[in-house]
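The values are calculated or read from the model by the stated rules, or taken from the named source; none is laboratory data. Note that the coordinates shown come from a computational prediction; the quantities given were computed from them, not determined experimentally. All Cβ positions, even for glycine, are placed from backbone atoms using ideal geometry, and neighbour counts span all protein chains on display.
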Amino acid sequence: MCYANRLFRRIVLLCCALLAGPAFGEDGYELWLRYRQASPNVLQQYRSAVTHIVTNAASPTLAAAQRELERGLTGILGIDIPLREAPAAGAVVFGTPESSAIIAALELPLQEVGQEGYVLRSVAVHGRPAHVIAANSDIGVLYGVFHFLRLLQTEHSFEALDVASAPRIQIRILNHWDNLDRTVERGYAGQSLWDWHKLPDYLDPRYTDYARANASLGINGTVLTNVNANAIALTPMYLEKAAALADVFRPYGIRVYLTARFSAPIEIGGLDTADPLDPEVRRWWKQKTEEIYRYIPDFGGYLVKANSEGQPGPQDYGRSHADGANMLAEAVAPYGGIVMWRAFVYSDEEPEDRAKQAYNEFVPYDGKFHENVLVQVKNGPIDFQPREPFHPLFGAMPKTPLMMEFQITKEYLGFATHLVYLGPLFEEVLDADTYVKGKGSTVAKVIDGSLHGYARTGMAGVANIGTDRNWTGSHFDQANWYVFGRLAWDPYASTRDIAAEWARMTFSNDERFVATVVDMMMKSREAVVDYMTPLGLHHLMARGHHYGPGPWVEGGPRADWTSVYYHRATKEGIGFDRTATGSNAVAQYAPEVAKIFGNLKRVPDEYLLWFHHVPWDYKMKSGRTLWDELVHAYTRGVETVKEMRRTWDGLKDFVDAERHAQVAAFLAIQEKEAKWWRDACIAYFQTFSGRPIPEGYDPPEHSLEYYKSLEFPYAPGHH
Ligand code: BDP
């Protein structure tokens, strides 16, 4: 690089440093890939350990790896990191045995890390100290580069680097519920990132940054379109657009998938049926699929929501979910594609407890799906509530690969403004014991395939990403994208550790900051459970948009879209009896689990009203009556949010003013809304309990009529 160029680069770097320093604020665009200069504690060590990068741009993926290393190291070390052909002391060498003679010559345990894993090592190259980032494939190298940079970003000492890592789950995928008009179903972060109208000609640079961020977590797939699907997405005009996105994502190891509307053969194919056993229909899907692969040679496959919430599906023709899934599976099989068939189904007519329906519909088909079908199951049996017991299907389909569906976007947990770190929610589900093969049969072991020997494994997250400058609508919601990706790589990882890693990269490595903020994040999920739906309550959200409390919601098209269906409050008591005297949903769990959930004495407080209808004066473990406990829990939720606000206020010195202020403002909204939730629910349930507010607890601020009168016709995510 000539002198003028260098000078210019220094000036640019200086300006960036000035702009990015705490005084000036950041907008969150860079996510956890900020690559700010390391603190004086480690800077000298880093500068002497890393002096140059040995070039290797043999493929687009390796070129991306090289660019990321240059960008990351230059930022973190605060000096130019030159690219060189040959290694000297302090070299960073990256590649595969095929692309790098140096790596080929080293004896690295690459056989242990499979196709996507990597090895990071401190080694001697030509007698001089160096660091290698090695893998069996180019994408493994890119993942290794991100891991290497993460170590530096979190200020690890890496004198004797020795890491080997491989993903435990094969399909690590985001589900965008994005519509072609750029609205996002349950999206709280602006419009859809996909600017369909300008595609394929204009490729927004954000697409590349999106791919970088995902690759940094090991996410390797993205479903571009909403599960409430539009057949137009499968027409040539849109396939060309999807192909353009796929081209951008490919170097980052991300495959594109699309949602398949089951009635597409009618809507865009001109057929008069979509019956999966009709030869014409089968032919149509085969041809359509072949066409898609012409546009996108590495197309991942289809995600399907069928016969659920009014979506078309095989049952419209008297066929089964297996018939529908297998028809599509046959169409993608020649190309190595897969079908992710969602188990989020509940019938339009069935009067059965909604929590039981997916199990009832799917268990009879265990083992009947083609080998390239995965059944995608939400974490709980109802619908992404602040807390649900694990879905009983996880303990009931040993012959069918089940993949996890988590919701990263916080439809039922305060949208983008509430600070809720979802790590503990995800971890709770993954750690839950299904007992399907005896003790220790955790959900994590089901979905990573180790329990039943599934040949295919996957974890999906409903994305929280949009066009907001900070991507996710709030700074802390970035942590939910982050923790999803890290858990998809390793479902056994500690979400506390992941929170710490994220906080360091996103804000500050200062130990005082990290310890405090991680504690706050870890408490935040329990807080939202407390102030919205404590003690196993669920689905109390307002109708339609799900913004704010609506425990009084009743009537309308179907009972299981109301709150009263779920809480069943009467003068006598509250809760949904799912034991043998009620819907008997507990029987869908293994006997060991059913014995706990179904037993009033043994069920944890967290699930009490999920499984039991309990009198208001029932004596809780705490010694309080159920009514008092309910008031206590609601109040505790609000108190935790107040404490979170105080905590955040105390962290001003560690965070730039712009991001600090936004988080602070959002926490204020959260406190206001937490109180609203508490007061509205207490006012409402008091009309049944008929009991006074226990001593020392505030009465609701307003009357029940006031809370009921609030309307939010334009709340985001409404449809
Ligand atoms: C619910 C959402 C709805 C989705 C549905 C689904 O309210 O918007 O379409 O799930 O997962 O949580 O299909």
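List the pairs whose first member sits in segment 448-475 and is under 24 Å from TYR257 (Cβ atoms) and aliphatic (A, V, I, L, M), whose second member is assigned to a loop (DSSP other than H, G, I, E, B) and within 16 Å of the ligand (Cβ to nearest atom), and whose Cβ atoms are under 7 Å apart, counting only residues at least 6 apart or on separate chains?
VAL462/TRP177; VAL462/ILE408; VAL462/THR409; ALA463/HIS176; ALA463/ILE408; ALA463/THR409; ILE465/ALA189
Which residues, counting only those in segment 410-467, are more than 17 Å from the chain's Cα centre (by Cα), among the aliphatic types (A, V, I, L, M) and in a loop (DSSP other than H, G, I, E, B)?
Matches in segment 410-467: ALA432, LEU451, ALA455.
Which condition from (1) under 29 Å from TYR547 (Cβ atoms); (2) in contact with a Leu (Cβ under 7 Å, 6 or more places away or on another chain); (3) surrounded by fewer than 24 Cβ atoms within 10 Å (Cβ to Cβ) is the one that PHE513 breaks?
Single failed check for PHE513: (1).
If you scan segment 89-112, which residues turn out to be touching a Ser or Thr at 6+ places or on another chain (Cβ under 7 Å) and assigned to a loop (DSSP other than H, G, I, E, B)?
If the condition is that a residue be touching a Ser or Thr at 6+ places or on another chain (Cβ under 7 Å) and assigned to a loop (DSSP other than H, G, I, E, B), then ALA89, GLY90, THR96 are the ones that fit.
If only one of GLU240, GLU309 is within 29 Å of the chain's Cα centre (by Cα), among the acidic types (Asp, Glu) and more than 25 Å from LEU199 (Cβ to Cβ), which one is it?
Numbers: GLU240 fails: more than 25 Å from LEU199 (Cβ to Cβ).
GLU309 is the lone residue from the list that is within 29 Å of the chain's Cα centre (by Cα), among the acidic types (Asp, Glu) and more than 25 Å from LEU199 (Cβ to Cβ).
Tally the residues that are within 16 Å of the ligand (Cβ to nearest atom), of a type outside the set (Asp, Glu) and surrounded by fewer than 19 Cβ atoms within 10 Å (Cβ to Cβ), restricting the search to segment 150-184. Don't jump to the end; show me each part of the working.
The first filter runs over segment 150-184 and keeps only residues within 16 Å of the ligand (Cβ to nearest atom), leaving 173-181, 183-184.
Still in the running and of a type outside the set (Asp, Glu): 173-177, 179-180, 183-184.
Still in the list and also surrounded by fewer than 19 Cβ atoms within 10 Å (Cβ to Cβ): 180, 183.
Result for segment 150-184: 2.
Please determine, by comparing only the residues of segment 202-236 that are assigned to a loop (DSSP other than H, G, I, E, B), in contact (Cβ under 8 Å) with a residue 12 or more places away in the chain and surrounded by fewer than 24 Cβ atoms within 10 Å (Cβ to Cβ), which one is nearest to the ligand (Cβ to nearest atom).
Within segment 202-236, the first condition is being assigned to a loop (DSSP other than H, G, I, E, B), and the residues that meet it are 202-204, 218-220, 224-230, 235.
From what's left, in contact (Cβ under 8 Å) with a residue 12 or more places away in the chain: 203, 218-220, 224-230, 235.
Adding the requirement that they be surrounded by fewer than 24 Cβ atoms within 10 Å (Cβ to Cβ) leaves 203, 228, 230, 235.
On the way: LEU203: 29, ASN228: 5, ASN230: 13, THR235: 22 Å.
Step by step, filter segment 202-236, then rank; the result is ASN228.
List the pairs whose first member sits in segment 37-66 and is within 27 Å of SER508 (Cβ to Cβ), whose second member is surrounded by fewer than 19 Cβ atoms within 10 Å (Cβ to Cβ) and modelled with pLDDT under 95, and whose Cβ atoms are under 8 Å apart, counting only residues at least 6 apart or on separate chains?
GLN37/ALA17; VAL42/SER157; GLN45/SER157; GLN45/GLU159; ALA49/GLU159
Give the number of residues within segment 374-387 that are under 29 Å from ALA329 (Cβ atoms), part of a loop (DSSP other than H, G, I, E, B) and away from the ligand (no atom under 12 Å from the Cβ).
Summing the residues that are under 29 Å from ALA329 (Cβ atoms), part of a loop (DSSP other than H, G, I, E, B) and away from the ligand (no atom under 12 Å from the Cβ) in segment 374-387 gives 1.
Any idea how many residues of segment 636-665 are within 27 Å of ARG36 (Cα to Cα), part of a helix (DSSP H, G or I) and acidic (Asp, Glu)?
3
Can we say LEU245 is touching a Phe, Trp or Tyr at 6+ places or on another chain (Cβ under 8 Å) and within 21 Å of TRP471 (Cα to Cα)?
Details: touching a Phe, Trp or Tyr at 6+ places or on another chain (Cβ under 8 Å): yes; within 21 Å of TRP471 (Cα to Cα): yes.
Criteria met by LEU245.
Quick one: would you say ALA499 is touching a residue at least 40 places away in the same chain (Cβ under 8 Å), of a type in the set (A, V, I, L, M) and surrounded by fewer than 22 Cβ atoms within 10 Å (Cβ to Cβ)?
Values: touching a residue at least 40 places away in the same chain (Cβ under 8 Å): yes; of a type in the set (A, V, I, L, M): yes; surrounded by fewer than 22 Cβ atoms within 10 Å (Cβ to Cβ): no.
Criteria not met by ALA499.
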